[in-house]
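The values are calculated or read from the model by the stated rules, or taken from the named source; none is laboratory data. Owing to the predicted nature of the structure, the values given are computational and were not obtained by experimental measurement. Every residue, glycine as well, gets a Cβ built from its backbone with ideal geometry; the counts of neighbours run over all protein chains shown. Accessible surface areas use protein heavy atoms only, side chains included; no ligands, DNA or RNA. Shrake-Rupley method; radii C 1.70, N 1.55, O 1.52, S 1.80 Å.
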Amino acid sequence: MPEYPFTAADLEALRAWDTPTICNALEMVAPHRRGHGFTLRMLVPASTSLPPICGLARTGTIRAAAPSGRAAEVDRAARIGWYEYVAEAAMPSVVVLQDLDDTPGTGAFWGEVNTNIHKAIGAQGCVTNGSIRDLDMIAQGFQLIAGSVNPSHAYVHIVQYGQEVTVHGMACHHDAVVHADRHGAVVIPHDAVTKIPAAIELLSRRERVILDLCASRDFTVAALRDALSRADEIH
């Protein structure tokens, strides 16, 4: 069993904040990650009202534009192997699934059936450059952040799992910590997980100086200059 420098409760706590706020905190606790480690292009959320998801990454690749070329029993074994892999996560998980097709999203892996299966085996949701469907029948509380919406599953099949994948510019490896919401997703370094709440509290105090001034009748650019200086001095 792998050892982690955080607990499931630590990951659950990070769901209290949206993904942009997590990215802000990472700029402070992991400044070398400021320019990478997050999705770079727009993704489509299945729901804009669900809370963020945060868990251990379960990574895999799919294709859907053409049949796999494998025997039906081999395809079935690959799908069952994938489910077993996701179910073995030591904590709640977030699936990160890369669609390898030249036109990602040709066939949807995610819909009513797969969201219910994955919820049952411990996943909170998925981040994918592929497509999703069955928007009104997705498992309750299961979030999908996807490249597109598509009515067909075409020839969708699992190619591989457990390896590093890349979704819309975000590289992600097995067991990475992933935080995602309707804005996109970010990978959180393991050693940064428990540092994020304190960083967010500090950033909130710094921002409050600016926001309070913006709401004040005393706002001037000169006052803003002073507030920015005062905010920088808060530690």
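Residue by residue, here is whether (1) exposed (fewer than 15 other Cβ atoms within 10 Å of the Cβ); (2) over 21 Å from L11 (Cα atoms); (3) assigned by the TED database to the domain that holds I121 holds:
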position: P31; (1), (2), (3): yes, no, yes
position: A57; (1), (2), (3): no, no, yes
position: A66; (1), (2), (3): yes, yes, yes
position: A71; (1), (2), (3): yes, yes, yes
position: V74; (1), (2), (3): yes, yes, yes
position: A87; (1), (2), (3): no, no, yes
position: A90; (1), (2), (3): yes, no, yes
position: S93; (1), (2), (3): no, no, yes
- Item | Residue check, E3 outside the structural domain of A176 (by the TED database) and either more than 21 Å from C126 (Cβ to Cβ) or not β-branched (V, I, T) (or both) | yes
- Query: From the list G107, G125, which residue is touching a residue at least 24 places away in the same chain (Cβ under 8 Å), over 17 Å from the mean Cα position of the chain (by Cα) and assigned by the TED database to the domain that holds N24?
  - Reply: G107
- Item | Conditions (1) within 22 Å of E88 (Cβ to Cβ); (2) open to solvent by 30 Å² or more (accessible area, probe 1.4 Å); (3) acidic (D, E): number failed by D191 | (1)
- Would you say T115 is farther than 30 Å from R34 by Cα, among the hydroxyl-bearing types (S, T, Y) and surrounded by 20 or more Cβ atoms within 10 Å (Cβ to Cβ)? yes
- Message: Filter segment 142-161 down to the residues that are hydrophobic (A, V, I, L, M, F, W, C), in a strand (DSSP E or B) and out of contact with any Leu (no Cβ under 8 Å at 6 or more places or on another chain) and list them by number.
- Response: L144, I158
- Message: Being more than 20 Å from S131 (Cα to Cα) and under 18 Å from the mean Cα position of the chain (by Cα) is the filter here; which residues of segment 88-104 pass it?
- Response: A89, A90, M91, P92
- Matching residues, segment 216-235, being of a type outside the set (D, E), assigned to a loop (DSSP other than H, G, I, E, B), more than 21 Å from E27 (Cα to Cα) and open to solvent by 90 Å² or more (accessible area, probe 1.4 Å): R217
- Evaluate segment 79-97: report whether one residue or more is among the charged types (D, E, K, R), part of a loop (DSSP other than H, G, I, E, B) and more than 17 Å from H174 (Cα to Cα). no
- Total residues in segment 118-136, condition open to solvent by less than 30 Å² (accessible area, probe 1.4 Å) and among the aliphatic types (A, V, I, L, M): 3
- Query: With A139, A146, A154, A171 as the choices, which residue is in contact (Cβ under 8 Å) with a residue 40 or more places away in the chain and either touching a Pro at 6+ places or on another chain (Cβ under 6 Å) or open to solvent by less than 30 Å² (accessible area, probe 1.4 Å) (or both)?
  - Reply: A146
